[in-house]
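Following: one structure in structure tokens, then a few remarks.
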Amino acid sequence: MNEKSLRVLEWPKVREQVAAKASFSLSKEVVEALAPSTELGEVVHQLTLTSEAVRLLWKHGEAPFGGASDIRGVVNKARLGGILEPDQLLPIGDLLYCSAQLQRYFEEEEGPLVDLGDSLASFPELRREIERCIDHDGYVKDSASLELGRIRNKMRTLANRIRERLDNLIHSTDMQKILQDPIVTIRNGRYVVPVKSEYRSKFQGIVHDQSGSGATLFMEPAFAVELNNDLNVTTQEEQAEVQRILKRLSGLVSQEADGLLTNLETITTLDTIFARARYSREINGVEPIMNDQGMIKIKQARHPLLKGKVVPIDVWLGQDFHILVITGPNTGGKTVTLKTVGLFSVMAQAGLHIPASPGSELAVFQGIYADIGDEQSIEQSLSTFSSHMTTIVGILEELQENSLVLLDELGAGTDPTEGAALATAILEYLRARHIHTIATTHYSDLKSYAYTHEGVENASVEFDLKTLRPTYRLSIGIPGKSNAFAISRRLGLQEDIVNKAQSLLSAGHVQVEDIIGEMEANRRQAEQDRLSGERFRKEYVELKAKYEALLRDLEEQRSVILDEARQEAQEMLSETQNELNRILGEVRRQGREELEESVKNYREQISARREALGQAKKEKPKSAGPANLKPGEAVQIKSLRQTGFVLEPPSSSGDVQVQAGIMKVTVKVEDLERVDAPKTSVTRKTGGFTRASLSKSRSIHSEIDLRGKTVEEGLTMVDKYLDDAFLSSLARVRIIHGKGTGALGEAIQDYLITHPNVQSARYGEPNEGGHGVTVVELHMPN
């Protein structure tokens, strides 16, 4: 990759931001040296690892990299036979602790990233020995060996004996005027007391030091000399034993040196991957689809270094055309478009996600070259044109197949006629070599070039004449229209001057500008029609799904009713058969007169039953329905035999909106009956769930992703999702809306306050996604 072009595309700044997400110095260094790959397989692999790390961050929170540090120096020292100090052994123990924590983090997970984590070695004996012998302050423990424990006990005993004798000395009455202060201190490893210099001859002992003024002598009493000697000998024994322990531990490190360095390399690799994942979450990045055919199709792209409200752009290249010529006003976003496409390509080839919509596609290029900005130099006598041309010459000399070239203000800085001709020739050279190119320009000749040559397309950045500001929207297929006259009028230039200027234009130029204006108007109308069509299509899909679900429910209800009717008919047939058998038995036992009387009685019974059935068929008197219904109350819809929840209280006409399963229906209050608790929809008396409920429970997830949605789209999706989650008995769900401007998150928070099924709602904790996620607790259906 061309280093100068990478600088122009601001790749080092992005790399610095990713490096800031790394956990320790070595991985930061690796990220800062991160370079884009030119192999499609490697690029796809790295992007997959980044996506896997993002998934684990959302699922388990931050990966435990605490304790990781660069141990290469101390391990190599041990490998060469050196003895490591306690504070050098501690980082090795910490790295082994980090390895064990990462292994636990990846437990019960699968994927290429998990395979990398599973390759970590634990070295239990080395870790156990370091933790047993060295404390957290870098001090060799008494328990490191029996001999060290014995020696240190002896040292403490000797020190206590010396202190006890010296304490008695400094508190004696005879010493009050001889001693400068009643304290015991240490000089040159020996216990001494501060003696006034004028009393030196009266104090029996050895002078080891004196104060700066010479007024105080630090003297070792004669009786303490032997004790101090014993203590010094014991201290030397302690140092020898400590060195023996450190030498043994250093030997263990030397034995495992290769494995420790492999662990360090693996942990560094994992940390760089998780740094990329943390950066992806920060920019709301997505994994792009990669190809090696030069196809670029970026949806809703946002430059990662721009702050505030960023207008997303759609850019595509490589399918119907491989050269894109962008025209439009200054500060309209042409240069940002170039940098966005170039930077996205570099980011993806380095394994980074891009801030765009899902489904975006990028190509793996062998080279990415950019001439953006003005690098004129007084020292080198380079003008704007010369600096641009010097860069372009270097690009054309270095250019290889399957490259991406980005040229800003091509041909600018010189005579317009010659500049346009030169720009056209350069584009023709790139077109002939089939080099993917995006160029910005102000020259009208290049607009015509794009129309008359295959593989070249026009594009423009929009300009709002009402506000005299660019909209930063990119329109591919429409060349930029000159707005000089319209802007001049809006700014107050005299009309006769503007008219005079227009009259000086050639008829062909005026005709081209009119055609461009008409094309722009048609494009805007087509865009409005497209948005309307998408809205209608979305409504159609929702209605279709709604009524298909309703039809399934009705079919299930019909099946239940038919089963119940068949069962009832079977029972009636059995009852009738038994009654007939009883009557025939009585007939055989009766005489003629008794038989006639019995027939009469049976006829009267049949007539009574017929009348009773007739009364049952009459319409039941309408009830007034339940009174004072409130949102959230459970009700039974009698006509549908469905249980639901009241969404809105009865209107003046008696209509009530009820949520029944996945449907929202409006029924009369007379058709409702208040119930104690919501009942699960059943198909039989055995209490089994309907197939629709089971299907919903299987398909609903515990989170929904709304990133990239408008507030209206987001609220519509949340409304349906919460209903589905409630019916599936989910107690907690996560709504991922991203941080962005915060408008969508605030709208969702306000909406959740009034939802009847929501118990509580809050922004996520830092390890749950922070203000980019809302965690919702739902009421559980009884």
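The values are calculated or read from the model by the stated rules, or taken from the named source; none is laboratory data. None of these values were measured; they are calculated from a predicted model. Cβ atoms come from the backbone with ideal geometry, glycine included; neighbour counts cover every protein chain shown. Accessible surface is based on the protein model in full, side chains and every heavy atom, while ligands, DNA and RNA are left aside. Shrake-Rupley method; radii C 1.70, N 1.55, O 1.52, S 1.80 Å.
Odds and ends about this structure:
- Using a probe of 1.4 angstrom and keeping all protein chains present, the accessible surface of segment 318-374 works out to 22 square angstrom per residue.
- Local electrostatic count at GLN236 - Lys and Arg +1, Asp and Glu -1, tallied over other residues with Cβ under 14 Å: -1
- For segment 188-325: span of alpha carbons on each principal axis (Å, largest first): 106, 44, 23
- Gain on full stretching of the segment that runs from ALA421 to LEU715 - 0.36 nm per residue minus C-alpha separation: 100.5 nm
- On Cα atoms only, tilt of 146-170 relative to the major axis of the chain in degrees: 60
- Shape category assigned to the chain from the gyration tensor of Cα positions, a/c cut at 1.5: oblate
- Separation in nanometres of the label points that stand 7 Å from Cα toward Cβ, at VAL560 and MET663: 1.2
- With the simple spin-label model, which puts each label point 7 Å out from Cα in the Cβ direction, the ILE736 to ARG7 separation comes to 3.8 nm.
- Given 15 as the ceiling on other Cβ atoms within 10 Å, longest exposed-site-free region of the chain for trypsin sites (Lys or Arg not before Pro) in DSSP loops: 1-176
- 3J(HN,Hα) along segment 394-401, derived from phi through the Karplus expression 6.51 cos²θ - 1.76 cosθ + 1.60 where θ = phi - 60°, amounts to x, 5, 5, 6, 8, 4, 10, 5 Hz, with x in place of Gly and Pro.
- Distance from the C-alpha centroid of segment 128-160 to that of segment 87-126: 29 Å, rounded to the whole angstrom.
- Per-residue Karplus couplings for segment 731-740, computed as 6.51 cos²θ - 1.76 cosθ + 1.60 with θ equal to phi - 60°, are listed in order as 7, 9, 9, 10, 10, 8, 10, x, 8, x Hz, Gly and Pro entered as x.
- Where segment 155-255 is the region considered: accessible area per residue in Å², 1.4 Å probe: 56
- Cα-projected label distance for ASN402 with ALA222, points at 7 Å along beta-carbon direction, nm: 9.4
- Beyond 21 Å in Cα-Cα separation lie the following of the pairs LYS538/LYS664; LYS309/LYS739; LYS664/LYS739; LYS638/LYS720; LYS13/LYS59; LYS59/LYS720: LYS664/LYS739; LYS638/LYS720; LYS13/LYS59; LYS59/LYS720.
- In a fully extended conformation the segment linking LYS546 and ARG433 would gain 35.3 nm over its present Cα-Cα distance, using 0.36 nm per residue.
- Solvent-accessible area assigned to carbon and sulfur over the chain amounts to 51 percent, based on a 1.4 Å probe.
- Other residues with beta-carbon under 12 Å from the beta-carbon of SER211 carry, at +1 per Lys or Arg and -1 per Asp or Glu, a net charge of 0.
- Cβ-defined net charge surrounding GLU109, 14 Å radius [Lys, Arg +1; Asp, Glu -1]: -3
- Listed peptides 228-235, 262-269 by packing density, highest first (mean Cβ within 10 Å): 262-269, 228-235
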